[in-house]
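J.: Take this structure, written in structure tokens, and hold onto it; I'll ask about it next.
The values are calculated or read from the model by the stated rules, or taken from the named source; none is laboratory data. Quick caveat, the model's predicted, so the values are computed rather than measured. Neighbour counts run over all protein chains shown; Cβ positions are idealised from the backbone, glycine included.
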Amino acid sequence: MKIAIDIALLLPDEINSLCIGLNQQDKNAFFDLTKKDNHPHITLTMAVIDEADIHKIEVILRNVAEKFSGLQLELTELNYTITPEDKKSYQFVIGSSKEIKELRQKIVKELSPYFSYEVEDSMFFVDNDEEFRPVSKYWVANHEKRNLSLDKFKPHISLKNTAATFDEFPIKFTTNKLVMAQLGNYCTCRKILIDIDL
């Protein structure tokens, strides 16, 4: 079975709380961020994989992760992008970091043979009482051409909301958690499949 996945960095408690707090202030948020699922995160890469390859992917990710320790990162600004539905989507921008670029480059290089980008509704993790939002497929289907090259990589934390204000920058933090998660609605990190300490 094929599933849509995100390989991402999870965040320390104080950054988690900040992101969730801003998300919850917006009654029109695309989706609720939480600490249990729909985790705030920094995407390194997204793709479609075969579930049968999860163990092989985990071995590769652990080998890559051994070469890295906790990443020192910085929130530098709050801005927004425009979604395919023509709505604002707010995000924290992550400052330039050699380490995060190197980590991402190694992951993409090692795992690209396992990746594809033909995505279907059934590949996302969605509860039985939850309506799937087809726009979720857009980011996975277009990830290869829009984000894979190093010069196009712009690390950020999506707040999954349509309005936000915050100006207490910069904020330095350390992240030491690398995960692979099955994607949920609006490309949230919904179901953690691989969990690695850096």
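J.: Considering only residues that are assigned to a loop (DSSP other than H, G, I, E, B) and either touching a strand residue (DSSP E or B) at 6+ places or on another chain (Cβ under 7 Å) or in contact (Cβ under 8 Å) with a residue 40 or more places away in the chain (or both), which ones fall in region 33-54?
T.: Hits for region 33-54 are LEU33, ASP37, ASN38, PRO40.
J.: For region 6-32, which positions are part of a helix (DSSP H, G or I) and closer than 18 Å to GLY70 by Cβ?
T.: ASP13, GLU14, ILE15, ASN16
Yes/no matrix, rows are residues, columns are (1) within 26 Å of ASP53 (Cβ to Cβ); (2) polar (S, T, N, Q); (3) surrounded by fewer than 19 Cβ atoms within 10 Å (Cβ to Cβ):
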{"residue": "LYS137", "(1), (2), (3)": "yes, no, no"}
{"residue": "ALA141", "(1), (2), (3)": "yes, no, yes"}
{"residue": "GLU144", "(1), (2), (3)": "yes, no, yes"}
{"residue": "ALA163", "(1), (2), (3)": "no, no, yes"}
{"residue": "PHE169", "(1), (2), (3)": "no, no, yes"}
{"residue": "MET180", "(1), (2), (3)": "yes, no, no"}
{"residue": "ASN185", "(1), (2), (3)": "yes, yes, no"}
{"residue": "LYS191", "(1), (2), (3)": "yes, no, yes"}
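J.: Quick one: in region 14-26, which of the residues that are in contact (Cβ under 8 Å) with a residue 12 or more places away in the chain and more than 14 Å from HIS41 (Cβ to Cβ) is surrounded by the fewest Cβ atoms within 10 Å (Cβ to Cβ)?
T.: If we take residues in region 14-26 being in contact (Cβ under 8 Å) with a residue 12 or more places away in the chain and more than 14 Å from HIS41 (Cβ to Cβ), then GLU14 is surrounded by the fewest Cβ atoms within 10 Å (Cβ to Cβ).
J.: Filter region 34-69 for residues that are farther than 22 Å from LYS2 by Cβ and small (Gly, Ala, Ser); which is surrounded by the fewest Cβ atoms within 10 Å (Cβ to Cβ)?
T.: SER69
J.: Any residue in region 68-83 that's over 18 Å from LEU10 (Cα atoms): show its pairings with residues that are modelled with pLDDT of 95 or more and basic (Lys, Arg) at Cβ separation under 9 Å, as long as the two are six or more apart or on different chains.
T.: These pairs meet every condition: TYR80/LYS88; THR81/LYS88; ILE82/LYS88.
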